[in-house]
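The structure under discussion appears below in the form of structure tokens.
The values are calculated or read from the model by the stated rules, or taken from the named source; none is laboratory data. Just so it is clear, the structure is predicted and the values come from calculations on it, not from any experiment. With ideal geometry, Cβ positions are generated from the backbone for all residues, glycine too; neighbour counts draw on all protein chains shown. Remember, those area values only see protein heavy atoms, side chains included, never the ligands or the DNA or RNA. Shrake-Rupley method; radii C 1.70, N 1.55, O 1.52, S 1.80 Å.
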Amino acid sequence: MAKLKNKNSDCPGDDTIGKVIDFISKTDQEKIKIAKAFLYPLIRLLNIGLKYVAKKKTPYKYAVTEMVRHALSSTGNDHEYFIDFSKIILSRGNLTAPQVEDVHFSGGKCSVQMSDNSGEGDAKPDDISMLLFYNVSKLEFICYLQGSSRSTASQQYDIPEHWAGDVVHAYITMKSADGKLVSDSQYLGDYIAN
């Protein structure tokens, strides 16, 4: 390997290039650790939602890569990152996405109101919703892999009592009844559980 010669004092020499490469790799390693820790509990959901797009990787590794690229940003302080929950990808596919009208938390339940958009694209009434709820302060997930069908206008999901007053991020995706098609996941927003 050829050594770089620093003829101009404004250009980095060998020692500076090595430091920059070390910094980049350490930064990426930290981001990968955060993404892995966040996504690991979701492997079952990722295996369904990303199995058709993760060509040369496992669905989990694909999700980690996408989270590092798109959903983790620096706070401006060294080695501190924040998660942009709206950019996390849990599912990616060609099935028509659900049409969510309203999400409401009340009495230990989350109610999801959807319009039946069966017939749009390849959407069918028996497509099944999958939902994910993430409690930021408790670092806990609730995942429903067998939610209600697309044709069900109102869906209710149990939320633990100890989540009351906490911020909860919600996601939804659809899968076909035979499991061969999935939609892109949708971030429904953040809510206060009560």
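Couple of notes before you dig in:
- In region 171-194, the residue that is nearest to the chain's Cα centre (by Cα) out of those that are surrounded by fewer than 18 Cβ atoms within 10 Å (Cβ to Cβ) and in a strand (DSSP E or B) is Y187.
- Within region 152-170, considering residues that are of a type outside the set (A, V, I, L, M, F, W, C) and open to solvent by 30 Å² or more (accessible area, probe 1.4 Å), the one nearest to G121 (Cα to Cα): T152
- Counting only strands (runs of 3 or more DSSP E) that fall entirely inside region 51-162 and contain at least 2 residues that are touching a residue at least 24 places away in the same chain (Cβ under 8 Å), over 18 Å from S176 (Cα atoms) and polar (S, T, N, Q), the qualifying elements are 109-115, 154-158.
- Selected residue (criterion: nearest to I89 (Cα to Cα)) from residues of region 28-52 that are in contact with a Phe, Trp or Tyr (Cβ under 7 Å, 6 or more places away or on another chain), among the aliphatic types (A, V, I, L, M) and open to solvent by 40 Å² or more (accessible area, probe 1.4 Å): I43
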